[in-house]
Amino acid sequence: MPRYVAFLRAINVGGHVVKMSALKVLCESISLANVSTFIASGNVIFDSPKPRTQVETAIEKKLQSALGYTVSTMARSGDELAAIVEHVGRRGLDRDVRLYVGLLKDAPPAPIIKTVAAMSNDTDILSVSGSEVYWRCRTSFSESTIVGSRLEKALGRPVTFRSVTTIRRLTARLSKTQP
């Protein structure tokens with residue numbers, strides 16, 4: 001059975017607080033197996049025989065019903081996470097650069113990819129590869145020159161970001177639990 005990580009957008013921001021134990025129970029209630037959470041930023045690890053898009057929709061519907069607000073969900077399989085880590089490894093990182101990975105539901109069209117890349121500057125470099133946005137910051141995320149809402153508007157779709165360190169840790173965790 002495929003193992004996934006669901007990345008939940010803005011689950012614990014804007015006055016909303018969901019305990020990870022409650023999130024685990026909600027996910028188990030829609031027949032996801034071997035559910036666990038990873039740090040309190042909305043990362044849920046689970047097994048499901050369903051395709052990624054069906055799992056994303058099921059989680060979103062359950063959370064909307066239970067919490068009363070929309071929680072965009074982007075899921076990735078262990079293999080997809082490993083591909084992200086490999087992509088990052090091929091590009092390398094300077095010591096003064098922080099890398100964040102934005103997860104989208106699907107790959108945006110070429111004109112949107114160009115618009116996002118055009119937002120880059122000396123401090124922030126943006127690129128899109130497949131259904132991921134790679135954001136290289138020469139400062140902290142909170143001090144970036146790029147405004148997340150403006151980036152999301154340019155993308156025309158929800159995106160949720162995680163540090164490359166979190167992506168690597170999740171990938172390692174999934175590889176340890178694979179048969």
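In a fully extended conformation the segment linking SER21 and ASN34 would gain 3.3 nm over its present Cα-Cα distance, using 0.36 nm per residue.
To make sure I understand the rule: partners must be lysines, Cα under 30 Å from the Cα of LYS62, and not fewer than 8 residues away in the same chain. Which ones qualify? Candidates past the 8-residue exclusion: LYS19, LYS24, LYS50, LYS105, LYS153, LYS176. Across the stretch 1-89, C-alpha contacts under 8 Å between residues 6 or more apart give a mean separation that, scaled by the residue count, equals a relative contact order of 38 percent. Over all other residues within a Cβ to Cβ distance under 13 Å of ILE11, the charged ones net out to +4, with Lys and Arg as +1 and Asp and Glu as -1.
When each of the peptides 164-172, 136-144, 23-31 is scored by the mean number of other C-beta atoms lying within 10 Å of its residues, the order from highest to lowest reads 164-172, 23-31, 136-144.
Using only the alpha-carbon atoms of the chain as identical scatterers, what base-10 log of I(q)/I(0) does the Debye formula give at q = 0.12, 0.15, 0.18 Å⁻¹? Rounded to two decimals, the profile gives -0.56, -0.88, -1.24. Share of pairwise Cα-Cα distances greater than 23 Å in the stretch 79-176 is 21 percent (whole percent).
Note on the stretch 3-78: Cα Rg divided by 2.2 N^0.38 Å, N the number of residues, gives 0.96.
Summed over qualifying helices (DSSP H, 4 residues or more, each -39500 (n - 2.57)) and divided by its residue number, the chain shows a 222 nm mean residue ellipticity of -12000 deg cm²/dmol. Full extension of the chain segment joining THR53 with ALA117 gains 20.4 nm, where the gain is 0.36 nm per residue of separation less the Cα-Cα distance.
Only the coordinates and a few stated rules stand behind these numbers; no lab work does. Keep in mind that what you see is a predicted model, and the values were worked out from it rather than measured. Methodologically, a virtual Cβ is constructed for each residue, glycine included, from the backbone with ideal geometry; neighbour enumeration extends over all protein chains shown.
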